[in-house]
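Only one structure is covered here, and it is reproduced in the block below.
The values are calculated or read from the model by the stated rules, or taken from the named source; none is laboratory data. These numbers were taken from a predicted model, which means no experiment stands behind them. When we count neighbours, we look across all protein chains shown, and the Cβ atoms used for this are built from the backbone with ideal geometry, even at glycine. Accessible surface areas use protein heavy atoms only, side chains included; no ligands, DNA or RNA. Shrake-Rupley method; radii C 1.70, N 1.55, O 1.52, S 1.80 Å.
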Amino acid sequence: MAKDSLSVVDNRTGRTYELPIEDGAIRARDLQQMGLVSYDPAFGNTASCRSRITYIDGDAGVLLYRGYPIEQLAERSTFLETAYLLVKGELPNAQHLAQWTHNITMHTIVHENIKNFMDGFRYDAHPMGMLVATVGALSTFYPEAKLIHDPDSRRIQTHRLLAKMPTIAAFAYRHATGMPYAYPDNDLSYTGNFLNMMFKVTELKYRPNPVLERALDVLFILHADHEQNCSANAMRSIGSSQVDPFSALAGACAALYGPLHGGANEAVLRMLQEIGSVANIPAYLQRVKAGEVRLMGFGHRVYKNFDPRGTVIKRLADQVFEVTGRNPLLDIAMELERIALQDDYFRERRLYPNVDFYSGIIYQAMGFPVDMFPVLFAIPRTAGWIAQWLEMVQDEEQRIARPRQIYQGPVQRDYVAIDRRAADAA
Ligand code: CMC
């Protein structure tokens, strides 16, 4: 009997099977010999890939990108350097960083027809819906992107995606506000230019506030990757059909849009506005405990401790509020956190504030409308999605994603003509 194996006795046949254990996992495929599949709705305990990108220890509250603690990257790195690290696996030297920055900066502009395409949306279109559609549309502008096995094609699509996401995001905002689109200013940093495209009015040269520019850069670092979450899984799953990365990334954006994922920061803000004042917190928590609503920005599938990103964000909030003035919703958020952390309901379920609990309050203070919050998540997460996609494309163990099911529908039956169906049929 192999030491690293799992013995399984099948009581139906009396046979014993040895399932090899490798890297703390058994292969679900080994169950096939017993005529079994593994059943794991929502992939709660299923590893779908081997990855070298991001490590999370949810019990200890640890998050590492390529081995580097998120706190160190937030303190000392920049978003573009972190994106390089995620995509390429190592921190760049000065020359490689300069080249990478140049390559991305040179692709910030979008084809004029993209502008026309975005003009077609209704005046009140949600910017995240516009982002999903426009990123998908990019695939028609770069048909060579379908050459996913060509490293040169993968490299240029990586630059394009990282470069154009802020441009499309800002254009979506300008469309909603009726402002003319502001073109990229390649003299500025990645986040400085994004602020320029968002907020430039009539001034000849937009000069971002350095504190806000850096705060946004740190927020981008914190959101850059988070291993196999809903949208990363969408990116890999769609990409496994060998479609081009723009189409796969549109799907990842769509996954991020939902309120349980990247839409959570928007939902937190709306929740804090609904609560309205510190006095209303106990009544709101009663509704949460009664199962009527969820406490948005709390809880995480992986973290059963403080989310390390939340801790960095809380510190960042003070720096931002020194420039922008204090967001009055902060008082409600802090009191909500204090009460919830003492409450048995949240303690027993190990529900702590996650990255989204405070990020929305900062974004709002910086002047971003609530609708833009998931978009602000999608821009940096593009680095993570690309890293996950690149790893998947080059992983020889991967094939087209195709889960199994447990069929529980009707057994085979014959078609019934419409005039012979019961009156109360569904
Ligand atoms: N408020 C109230 N109860 C909660 C919450 C919450 N935010 N989250 C989980 N619970 C309860 C849930 O009702 C369940 O209780 P019970 O065992 O009595 O049925 C228990 O905790 C376990 O919850 P779960 O739904 O099995 O947990 P999950 O791992 O499937 O869900 C989650 C994770 C993030 C979707 C969930 O915690 C949630 O909906 N949080 C609010 C939305 C949110 O903030 N999302 C952002 C996540 S961080 C950004 C990102 O990475 O996308």
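Of R309, R294, R287, all but one fail to be part of a helix (DSSP H, G or I) and near the ligand (Cβ under 9 Å from one of its atoms); the exception is R309.
Among the residues of region 197-213, those that are touching a residue at least 40 places away in the same chain (Cβ under 8 Å) and either within 16 Å of the ligand (Cβ to nearest atom) or open to solvent by 20 Å² or more (accessible area, probe 1.4 Å) (or both) comprise F199, N209, V211, L212.
Taking region 367-396 as the range and being more than 21 Å from the chain's Cα centre (by Cα) and either crowded, with 18+ Cβ neighbours inside 10 Å or closer than 30 Å to R174 by Cα (or both) as the test, only G367 passes. The set of residues from region 15-25 being open to solvent by 70 Å² or more (accessible area, probe 1.4 Å) and either assigned to a loop (DSSP other than H, G, I, E, B) or out of contact with any strand residue (DSSP E or B) (no Cβ under 6 Å at 6 or more places or on another chain) (or both) comprises R15, E22, D23, G24. Among the residues of region 65-99, the one identified as open to solvent by 40 Å² or more (accessible area, probe 1.4 Å) and part of a strand (DSSP E or B) is Y68.
Selection over region 100-113 of residues that are outside any helix (DSSP H, G or I) and without any contact (Cβ under 8 Å) to a residue 60 or more places away in the chain gives a count of 2. If you check L85 against the conditions, is it touching a residue at least 40 places away in the same chain (Cβ under 8 Å) and on the phi < 0 side of the Ramachandran plot? Against the criterion (touching a residue at least 40 places away in the same chain (Cβ under 8 Å) and on the phi < 0 side of the Ramachandran plot), L85 does not qualify.
Taken over region 114-129, the criterion of being open to solvent by 20 Å² or more (accessible area, probe 1.4 Å), among the hydrophobic types (A, V, I, L, M, F, W, C) and in a helix (DSSP H, G or I) is satisfied by F117 alone.
Among the residues of region 342-356, just one is more than 16 Å from A255 (Cβ to Cβ), within 15 Å of the chain's Cα centre (by Cα) and not β-branched (V, I, T), namely N354.
Tell me which residues, restricted to region 168-186, are among the polar types (S, T, N, Q) and out of contact with any Ser or Thr (no Cβ under 9 Å at 6 or more places or on another chain). Quick ask: steps written out before the conclusion?
Looking only at region 168-186, we keep the residues that are among the polar types (S, T, N, Q), and these are 177, 186.
The one that is among the polar types (S, T, N, Q) and out of contact with any Ser or Thr (no Cβ under 9 Å at 6 or more places or on another chain): T177.
Within region 182-196, can you find the residues that are of a type in the set (F, W, Y) and either under 11 Å from P210 (Cα atoms) or crowded, with 20+ Cβ neighbours inside 10 Å (or both)?
Taking region 182-196 and keeping what is of a type in the set (F, W, Y), we get 183, 190, 194.
Of everything in region 182-196, those that are of a type in the set (F, W, Y) and either under 11 Å from P210 (Cα atoms) or crowded, with 20+ Cβ neighbours inside 10 Å (or both) turn out to be Y190, F194.
Checking each residue in region 271-284 for being assigned to a helix (DSSP H, G or I), surrounded by fewer than 16 Cβ atoms within 10 Å (Cβ to Cβ) and in contact (Cβ under 8 Å) with a residue 24 or more places away in the chain picks out Q273, V278, P282.
Considered as a group, the residues in region 332-372 that are charged (D, E, K, R) and within 11 Å of the ligand (Cβ to nearest atom) include one that is modelled with the lowest pLDDT, and that residue is D356. Taking region 218-237 as the range and being away from the ligand (no atom under 11 Å from the Cβ), part of a helix (DSSP H, G or I) and open to solvent by less than 30 Å² (accessible area, probe 1.4 Å) as the test, the residues that pass are V218, L219, F220, I221, A234, M235, R236.
Residues that are near the ligand (Cβ under 8 Å from one of its atoms) and either at pLDDT 95 or above or at positive phi (or both) occur at least once in region 256-266. Considering (1) open to solvent by less than 10 Å² (accessible area, probe 1.4 Å); (2) touching a residue at least 60 places away in the same chain (Cβ under 8 Å), the lone condition that A317 does not fulfil carries the number (2).
Taking every residue in region 29-54 that is at negative phi and pairing it with any residue that is within 14 Å of the ligand (Cβ to nearest atom) and open to solvent by 70 Å² or more (accessible area, probe 1.4 Å), at least 6 positions away or on another chain, the pairs with Cβ-Cβ distances below 8 Å are G44/R301. Among the residues making up region 397-426, those that are at pLDDT 95 or above, open to solvent by less than 100 Å² (accessible area, probe 1.4 Å) and not charged (D, E, K, R) are Q398, A401, P403, I406, G409, P410, V416, A417.
Annotation: of all residues in region 28-45 being under 28 Å from the mean Cα position of the chain (by Cα) and surrounded by 13 or more Cβ atoms within 10 Å (Cβ to Cβ), the one that is nearest to the ligand (Cβ to nearest atom) is F43.
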